[in-house]
Every structure is written in structure tokens, then in C-alpha cells.
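Trainee: Structure incoming, see below.
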């Protein structure tokens, strides 16, 4: 068994460093499958690669925003269809109540159904998306927009903000309507010709009361209110459809952009194995599995004792006092019984034989200790 001495390390260090540097670069390229791994490998390519990766990261963010907007629009579209269907049903009931063919008992039943449908509308006005955000509350998405007061009045607690998200470098898309956009006040003209507003749910309450009391004038006013409300819902539904189309169009544009960018990135990064083998003639295709089976690093050689009492004492005893914070250094702590050491020479000269030199670190340390004892006997 050879005796490793500091003279041996000094004599072979330069050769080992040179060979290991070339090998390490090759291993990195093999393991990553990329021709350009570090910016220093090819400055122009590396700059272009980083720029493309940055743009792709933004595209991921845009895609997430598009998905979020689409989910909100789908929830809104579903809610608006439900509102439209209910308003249509309430109008049908109101027309029946206004034609004079229903008796008091039937009108009471109609009024009860209208009140129940109004409660359904209130539930739809408080619709939440898949993330439990209220879709008709403006920017106050965590606050239930329509709530009943102690006297039964429905009050809007949202705001008037139209939310928008960025879906490309230059484009933002709005994706919501506020509660007042959809369930806004209906306009009425008084006998004096003045126009006044009436709350959406308040108007429905008056309609139910008019049906119950057989008040034809109140019922007809309610039908006019329903026509206004239905028009508002139709406008909102058309807006949702337009925004959904914009979202889908932008997604297609973004997907095409990503495809082109990934193609360019692949042309810059992807490694052609033949080119890699030409870069390092020592490697053969059969060597590749063995070459990438491990993570290699070169541990420094120290002839002096290291104080392992603390991280600070370890650094100071290794590099000298006052070195902490001056120069970045990496410490790798390993389990000697689960870490292998290999011959650096074999790695450089014949990579395919690398496993033949493998030893557990704990065994290697015992060998060093035995060598030290042998050295003492040879050189007392």
C-alpha cells in the first residue's frame, strides 16, 4: 500500500486540478444535457438564454393570470345565466298576476314564489369563485357584497372597482362586474316627470307586495323594473362573452409565443452528444452512465489539525483567523459511512474504471490512519 504524503499531493495537484476541471465541466454538461451551463461557457449564448428564461417565467405568470381570469368569468357567466332565468320566471308570474284571472289565494302563492326567487337572486349576487372570492364585490373579494340589515333591507358592501390582470407584456384584461353593475338601481319616472332610482332588491320586494295586494299599478311598475334589470343582465352577459373571447385569444397568442421561445431556447441549450464527446475525447458513450451516477467534488487536503468545536473554530483553524465574512466558502458535511471516495487519477485517465476505486469515506480515513502509523515506523 502506498503512503500518501504531502509531497505526493504537492506534485500531483496541478495535474489533478487541470484534469478534474475538464472532467467536471463535461460531467455537468452530461448531467444537465445542456451545452451552456454557466454564463462563462459562452457569454453571448448565456445572455440570450437568461433573457429567454426570464421571458418564459413571465409567460408562466401570464398563463396563471389568464387561468384565474377565466375561472372568474366562468363563475360570473354561470351566475348571470341563473339571474336571467330567474328574472324571466318572475316576469312570467307578474304577467299572470296582472291579468286579473287569479284569485287572492293564487296571488298569495305567486307572491310567495316571487319572494323565494328573490332570495335565490340574493344568493347568486353573493356567488363565490373556486377560490371562495366573491365575484360581484369589486376589489373587496373577501367581503360578502349583499347583506340584509336588521330591518330586512339589502345593502351593498362591495366597491366599484373593476379588477384587471396582466396577460401579456402590453395587455391587461378586466374580468369582473361590480354588484352595482349587475344588481344596480332601476330607474322610475314619477308623476312629475322626475327620474328616481330604486334598489334592485327593494323593487322586487315592492313587486311581491303589489301582487299580494292585487295592486295592478305596482305590478306593472314591477314588470318595467324587471325589463330594466334583464337588460342590465344581458349587457353584463355580453361583456363576459367578449372578455372570455379576449382571454382565449390571448392564451393562443401566449402559447404560440412560448412555443417559439422554447424552440429558440432548445436550439441554444440542448446538447448534441457527438459535440460533447468531441469536447472531451476521454469519454465514450458507454462511459456516460458511470460519469453521471455520482455528484463529484474535490475535498481540500489539509496537513494541520482542524478544530471542530464550532463552525467558527472550524473556519478559523482551516483558513486562519479573521476569514469569516471575507470570502464565500462552502462547507459540505457528509456521513463517512454513506459517502464514497474515488481515485482522482482514475477519474481523469479512465472514467469507465471509476467504480473500481470506490471506497467508503470511513474506510478511507482508516487507511490514512494506518498509513500515518506506517510512516512513523519508516521515518521515526
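The values are calculated or read from the model by the stated rules, or taken from the named source; none is laboratory data. Please read these numbers as outputs of a predicted model, since none were measured by experiment. Reconstructed Cβ throughout: ideal geometry from the backbone, glycine too, with neighbour counts over all protein chains shown.
Trainee: Just to check your reading of the model, which residue among 193, 210 is part of a helix (DSSP H, G or I) and over 25 Å from residue 81 (Cβ atoms)?
Mentor: Numbers: 193 fails: part of a helix (DSSP H, G or I).
From the options 193, 210, the qualifying one is 210.
Trainee: Still on this structure: Could you check the range 265-281 and list, in sequence order, the residues that are at pLDDT 50 or above and either touching a helix residue (DSSP H, G or I) at 6+ places or on another chain (Cβ under 6 Å) or surrounded by 14 or more Cβ atoms within 10 Å (Cβ to Cβ) (or both)?
Mentor: Result: 265, 268, 269.
Trainee: Among (1) touching a helix residue (DSSP H, G or I) at 6+ places or on another chain (Cβ under 6 Å); (2) under 24 Å from residue 229 (Cα atoms); (3) buried (at least 19 other Cβ atoms within 10 Å of the Cβ), there is one condition residue 141 misses while meeting the rest; what is its number?
Mentor: In the conditions (1) touching a helix residue (DSSP H, G or I) at 6+ places or on another chain (Cβ under 6 Å); (2) under 24 Å from residue 229 (Cα atoms); (3) buried (at least 19 other Cβ atoms within 10 Å of the Cβ), residue 141 misses (1) alone.
Trainee: Give 80, 56, 30 a once-over and let me know the one that is surrounded by 17 or more Cβ atoms within 10 Å (Cβ to Cβ) and either at pLDDT 55 or above or closer than 19 Å to residue 136 by Cα (or both). Please lay out each step first, then the result.
Mentor: On the way: 56 fails: surrounded by 17 or more Cβ atoms within 10 Å (Cβ to Cβ); 30 fails: either at pLDDT 55 or above or closer than 19 Å to residue 136 by Cα (or both).
Among 80, 56, 30, only 80 is surrounded by 17 or more Cβ atoms within 10 Å (Cβ to Cβ) and either at pLDDT 55 or above or closer than 19 Å to residue 136 by Cα (or both).
Trainee: For the subset of the range 175-193 comprising residues that are closer than 25 Å to residue 238 by Cα and in contact with a strand residue (DSSP E or B) (Cβ under 8 Å, 6 or more places away or on another chain), which member is surrounded by the fewest Cβ atoms within 10 Å (Cβ to Cβ)? Full working, then the answer.
Mentor: Initial filter on the range 175-193 (closer than 25 Å to residue 238 by Cα): 175-188.
With the extra rule that they be in contact with a strand residue (DSSP E or B) (Cβ under 8 Å, 6 or more places away or on another chain), the set shrinks to 175, 179-180, 183, 185-188.
Details: 175: 26, 179: 23, 180: 17, 183: 26, 185: 17, 186: 23, 187: 12, 188: 15.
Filtering the range 175-193 for residues that are closer than 25 Å to residue 238 by Cα and in contact with a strand residue (DSSP E or B) (Cβ under 8 Å, 6 or more places away or on another chain), the one surrounded by the fewest Cβ atoms within 10 Å (Cβ to Cβ) comes out as 187.
Trainee: Next up: Condition first: in a loop (DSSP other than H, G, I, E, B), under 20 Å from residue 86 (Cα atoms) and touching a helix residue (DSSP H, G or I) at 6+ places or on another chain (Cβ under 6 Å). Now tell me which residues in the range 170-183 satisfy that. So that I can check it myself, show each step before the final result.
Mentor: Taking the range 170-183 as the starting set, the residues that turn out to be in a loop (DSSP other than H, G, I, E, B) are 170-171, 175-178, 183.
Narrowing the set further to residues that are under 20 Å from residue 86 (Cα atoms) leaves 177-178, 183.
Scanning the range 170-183 gives 177, 183.
This table checks each residue for (1) assigned to a helix (DSSP H, G or I); (2) loosely packed, with under 14 Cβ neighbours inside 10 Å; (3) in the same structural domain as residue 207 (by TED's automatic domain parsing); (4) touching a residue at least 40 places away in the same chain (Cβ under 8 Å).
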residue: 75; (1), (2), (3), (4): yes, no, yes, yes
residue: 84; (1), (2), (3), (4): yes, no, yes, yes
residue: 95; (1), (2), (3), (4): yes, yes, yes, yes
residue: 115; (1), (2), (3), (4): yes, no, yes, yes
residue: 123; (1), (2), (3), (4): yes, yes, yes, no
